[in-house]
1. What number of residues in segment 189-216 are touching a Gly at 6+ places or on another chain (Cβ under 6 Å) and within 27 Å of Phe116 (Cβ to Cβ)?
2. Are there any pairs with C-beta distances below 8 angstrom linking a residue in segment 321-338 that is over 18 Å from Val417 (Cβ atoms) to a residue that is surrounded by fewer than 18 Cβ atoms within 10 Å (Cβ to Cβ) and modelled with pLDDT of 95 or more, with the two at least 6 apart or on different chains, and if so which?
3. Got at least one residue in segment 428-438 being surrounded by 21 or more Cβ atoms within 10 Å (Cβ to Cβ), outside any helix (DSSP H, G or I), under 18 Å from the mean Cα position of the chain (by Cα) and not acidic (Asp, Glu)?
4. Residues Gly390, Gly416: which one is among the small types (Gly, Ala, Ser), touching a residue at least 12 places away in the same chain (Cβ under 8 Å) and buried (at least 20 other Cβ atoms within 10 Å of the Cβ)?
5. Give the residues of segment 490-524 that are farther than 22 Å from Asp537 by Cα, among the acidic types (Asp, Glu) and touching a residue at least 24 places away in the same chain (Cβ under 8 Å), sorted by residue number.
6. From the list Leu470, Leu425, which one is closer than 25 Å to Pro327 by Cβ and either crowded, with 16+ Cβ neighbours inside 10 Å or aromatic (Phe, Trp, Tyr) (or both)?
7. Quick test for you: out of Gly582, Gly573, pick the one residue that is exposed (fewer than 15 other Cβ atoms within 10 Å of the Cβ), under 30 Å from Glu525 (Cα atoms) and touching a Pro at 6+ places or on another chain (Cβ under 9 Å).
8. Mind checking which residues of segment 184-202 are more than 23 Å from Val388 (Cα to Cα), surrounded by 24 or more Cβ atoms within 10 Å (Cβ to Cβ) and not hydroxyl-bearing (Ser, Thr, Tyr)?
Amino acid sequence: MHYFAGVSGLDREVAVAAPDRHPPTVVGPDAPLDAGRGSSRWTSRLFGASVVAALVPIVVATARAIHRGWIPIGDNAFFAIRARDVLTADPPLLGTWTSASLATGTSFNNPGPLLFDALAVPARLLDDGAGLALGAALLNGSAVVGIAVLAYRRGGALLATAAMAVAAALCWAMGSELLFDPWQPHSLLLPFLCFLMLVWSVVCGDVFALPFATGVGSLVVQTHLSYVILVAVLGAWAVLGLVLELRRRRREDPGAWPRLRRRAVWAGAVAGVVFVACWAQPLAEQFTSDGEGNLARLARNAGDSAVRTTGYRLGTQLVATVVTLPPWWFRSSFGDAYLPSGSAPSAGFVSSEDADVPSLGLAVASVGLLAAVLAWCAWDARRRRDRVAGRAIATAAVALLAGLATAGRMPVGVLGVAPHQFRWLWPLGAFAVFAVGATLVRRLGPGSVGSARLVGAFALATAVVAALNLPSNNQRVGPSSTDWSIRPARELGDQMGVLEGEGTLLFDVRDIRVFDPYTAAVMAELQRRGIAFVVDDPIMVRQLGPARRFTGSNADAVVVLKTGEAARARAPGTRRIALREGLAPPEQRELSRLTDQIVEYLRRHGPPRLDERGRTALADGAFPTMRRYRSGEADAAALVESRDLAAMVRAGLVVLDDPQARRFERYADLQSRSDDETVALFLRPLERSEFASAGTRQPSQRP
């Protein structure tokens with residue numbers, strides 16, 4: 001019998017004679033799928049090439065981002081701050097604050113800081129922001145390599161190249177600009193696919209995969225709460241499957257049981273140590289925090305019946321949209337999944353009533369069809385006594401059931417359903433495709449010419465998909481949707497040296513708009529320059545750690561961030577220390593001219609015509625100044641000044657004919673850039689009475 005290099009003795013399956021109608025078949029992770037030494041060398045080289053090909057888009061995208069001066073903005077900048085905090089006297093003990101808090105009315109964080117720990121070294125080595133991108137890329141690259149190794153251990157070059165094709169396809173679905181994105185809904189996709197592979201390996205009896213499954217599962221569940229049910233159910237399945245497999249091996253080979261037991265105990269002990277190490281920080285916070293610990297908060301709110309959830313009807317529809325119905329988990333679904341037609345991909349939330357999902361009947365039918373396919377594959381694998389394929393199918397089925405439970409229990413916040421909370425569906429769908437594909441290709445049997453050819457086909461598919469993923473592609477979701485703010489934030493940061501020597505600064509976040517991309521980026525630059533800062537906002541304190549809570553006496557001055565027109569005005573007693581104009585002087589003059597022309601046009605021709613979506617938006621209460629203008633309660637100048645007109649033009653809600661359409665679109669573009677990309681920092685004295693309720697003020701909005 002031929003065994004693949006690197007396959008442990010625990011994973012070796014015995015040759016099983018199939019019924020007389022079929023040739024003898026060797027099943028298991030070491031099943032020889034190559035006809036001879038020359039073919040084996042050829043397929044092994046193709047496997048290595050497919051791993052390299054799958055990694056190339058990650059390397060290229062990250063190098064391109066660093067070359068272009070990428071820095072973390074929005075929520076990503078919080079990851080930079082907390083990753084740098086890991087190697088300090090006040091390391092993070094929790095993950096980021098989670099928007100799920102809005103649904104419960106209780107602020108809590110994601111369970112743990114393992115992602116910060118993983119990013120800490122590169123974030124410190126390259127502290128200008130490049131380190132964070134490099135750390136996220138290393139995490140994704142490690143997941144790809146882990147997927148390759150695990151698939152090779154289960155089924156040699158054939159399953160390994162198939163796994164690389166699936167991993168490359170998932171990377172392509174994400175788009176190149178998300179391959180280095182540290183935002184947890186994106187940075188966890190490849191690690192979660194790796195976790196699914198680890199669970200499959202453990203169920204197959206690979207005890208050495210158990211500690212890795214413990215570590216990766218802890219990373220995933222600590223970093224984002226949407227994975228709690230998934231990881232818990234899959235973890236339980238892994239343990240149950242391993243126990244059943246060990247019992248089977250003991251029964252079939254009693255003489256090998258003592259050695260097998262020792263290895264299993266050793267692996268279990270290592271997994272226990274890994275578990276304790278992974279959860280030491282959240283447990284420390286739980287028992288040392290002032291007031292109720294984060295784990296207790298999570299437990300208390302987990303069963304809160306007052307929290308509105310998606311429900312299993314909508315949950316099934318959400319799962320079917322990605323896993324069982326076209327365009328499935330491919331690129332075209334990633335940016336606009338669940339968003340109504342005409343919505344921008346950057347829209348962070350969608351109401352549960354307006355979500356673009358299939359009918360319940362179609363969703364149930366498609367999920368039922370997938371269940372039937374999995375059932376047939378399980379029957380076929382059992383008939384052929386192919387435990388490797390059968391357990392991949394079983395793992396996919398367990399993951400699908402856990403996914404349906406997760407989707408049905410997802411909390412719905414005040415802003416609606418957040419598509420990023422369902423990103424785990426993409427790797428889940430990818431693993432289901434891999435499991436079905438593994439069952440089908442292993443029907444060829446070991447040593448067949450067809451299996452060797454399939455290795456070449458999968459390697460070629462990986463290379464082609466990877467090549468398609470080399471050009472820059474931004475799905476405009478999460479922090480990447482505001483990548484236009486990177487240059488302004490970087491230029492603003494270049495001017496912040498004057499703040500050095502001003503003492504500890506209180507960052508005033510009271511007037512920061514929702515989803516502002518600059519605030520955290522400025523804080524990250526303060527940290528990079530060694531300028532201490534504190535905040536007077538409960539949510540910000542949970543984001544930045546208790547060491548940055550303003551106590552009323554631990555700050556020397558107040559720093560304020562302003563955007564748009566407010567950035568150009570100077571309030572009495574303040575000193576502007578940094579300004580970045582969104583428009584060049586010629587563009588400013590052009591905007592002024594266009595504004596005058598459009599006001600005059602509106603005065604002469606009246607309100608612009610709106611399409612159906614625009615009329616619906618007004619009926620739903622959006623764009624209040626436009627409603628007032630159409631009813632005669634506001635004039636044209638007020639409409640333009642309110643920015644309602646610019647927003648509606650940019651959203652494509654206004655119907656205009658050329659040449660007015662080009663004029664209005666140019667105005668809307670310039671006005672938006674002026675408002676969004678003009679940013680300034682001001683410094684003013686600290687007035688103690690202004691922050692008399694230090695640390696106790698309730699936030700008015702999510703930062």
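1. 2
2. Close Cβ pairs satisfying both conditions: Thr324/Leu369.
3. No, the conditions are met nowhere in segment 428-438.
4. When all the criteria are applied, what remains is Gly390.
5. Selection gives Glu491, Glu500.
6. The match here is Leu425.
7. Gly573
8. Those that are more than 23 Å from Val388 (Cα to Cα), surrounded by 24 or more Cβ atoms within 10 Å (Cβ to Cβ) and not hydroxyl-bearing (Ser, Thr, Tyr): Gln184, His186, Leu188, Leu189.
The values are calculated or read from the model by the stated rules, or taken from the named source; none is laboratory data. Note that the coordinates shown come from a computational prediction; the quantities given were computed from them, not determined experimentally. Cβ atoms come from the backbone with ideal geometry, glycine included; neighbour counts cover every protein chain shown.
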